[in-house]
Amino acid sequence: MPTPSELENDRPRRSVFGNYNRPVAASGESAANLKPRPAPIPRDAATPHESIDAAVARMFLFRFLAKSFEDPEPEGWGWLTAGDVTSSLRSSVETLAPGDASALVQRNDELLSRLTPNAFDDFASAHVTSFGHTVRGDCPMNEIEYGDIKADPLFQPHRLSDLGAFFAAFGLELAPDAAERIDHISIELEFMSVLAAKEAHAIEHRFGDDTIGLLRDAQKQFLREHLGRWSPAFARRLARMADGTALGALARLLGEFIRLECARLNVPPGSEDLLLRPVDDATERLCDSCGIHNNPP
């Protein structure tokens, strides 16, 4: 598998983080903006080459899933179904979970059987059926729609603020034309892709255990507090709603990949039965009338 440096001139589509250009190590100043981190994750026994391969594979898989959950467009579908992309997807999955019996490989095979260039209309139709044209539905794509029914009233702004702090800690800013809120599934997946790319780059260029430990700790913390908390419920809902389609296969691949990531970093995954937050009918009606809930915070 190529190193991050070799991928720099062949990066799959642009990042939603407009100021992200290539894998770099997190600076000490940026790292200081993170919350106090837990005990460092022990370095594994893999060789540097194996660790780079695994990080690059995770980078690609997170990036692929991030692009998959953007609003469907023919150009994006063309990238997702391109032969070199599907080949890289298969290679990444086999790097992370070798063996034909692996659940991740099986989920990926199911997806690849439906990921054909002429299937865009069916994919777009499944997307509209599952998500509609609003933020809130039976399967929301935004983190703050998922929460305890007794959650604090400040649950949503706190979640959004914490996400912003994670991005800022690594000097990342959403591109001006980013269409989604910062808690959208595609943006959270993209952020994990960036962290995995930084980890691969740090290992390749021997930045040291402190930097590599920081990047792994950040991934662990982000999974525990954000992506790993709510995406299992999102994946289960979507797999059920879009069963028999490429979108449903994507949901099952996402669910299995997040399960493996949580196990790798010793993070308890969120419940697949996580409920949606209560709806304030008066607020929802007000938002429906002005469209403000579709705008970034």
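The values are calculated or read from the model by the stated rules, or taken from the named source; none is laboratory data. Note that the coordinates shown come from a computational prediction; the quantities given were computed from them, not determined experimentally. Cβ sites come from the backbone with ideal geometry, for glycine too, and all protein chains shown count toward neighbours.
Of note:
- Selected residue (criterion: farthest from the chain's Cα centre (by Cα)) from residues of segment 193-220 that are aliphatic (A, V, I, L, M) and over 14 Å from ALA54 (Cβ atoms): LEU214
- Matching helices (runs of 4 or more DSSP H) fully within segment 150-238 where at least 3 residues are farther than 26 Å from PHE131 by Cβ and in contact with a Leu (Cβ under 9 Å, 6 or more places away or on another chain): 185-204, 209-222
- When segment 80-91 is limited to residues that are without any contact (Cβ under 8 Å) to a residue 24 or more places away in the chain and part of a helix (DSSP H, G or I), the one that is nearest to LEU65 (Cα to Cα) turns out to be ARG90.
- For segment 93-113, residues that are farther than 18 Å from ALA263 by Cα and within 21 Å of the chain's Cα centre (by Cα) total 6.
- When segment 43-77 is limited to residues that are within 29 Å of PRO140 (Cβ to Cβ) and of a type in the set (Asp, Glu), the one that is surrounded by the fewest Cβ atoms within 10 Å (Cβ to Cβ) turns out to be GLU75.
- The set of residues in segment 92-134 being hydrophobic (A, V, I, L, M, F, W, C), free of Cβ contacts under 8 Å to residues at least 60 places away in the same chain and buried (at least 16 other Cβ atoms within 10 Å of the Cβ) consists of VAL93, VAL105, LEU112, PHE120, ALA124, PHE131.
- Filtered residue count, segment 107-133, keeping only those that are within 19 Å of PHE60 (Cβ to Cβ) and part of a helix (DSSP H, G or I): 6
- Where a residue in segment 248-263 is within 10 Å of SER231 (Cα to Cα) and assigned to a helix (DSSP H, G or I) and its partner, wherever it lies, is at pLDDT 95 or above and aromatic (Phe, Trp, Tyr), with Cβ under 9 Å and at least six apart: ALA251/PHE234; LEU254/PHE69; LEU254/PHE234; GLY255/PHE234
- Residue list for segment 96-110, filter: at pLDDT 95 or above, over 15 Å from PHE64 (Cα atoms) and among the polar types (S, T, N, Q): GLN106
- Against the test of being of a type in the set (S, T, N, Q) and modelled with pLDDT under 95, the options SER161, SER186 yield a single qualifying residue, SER161.
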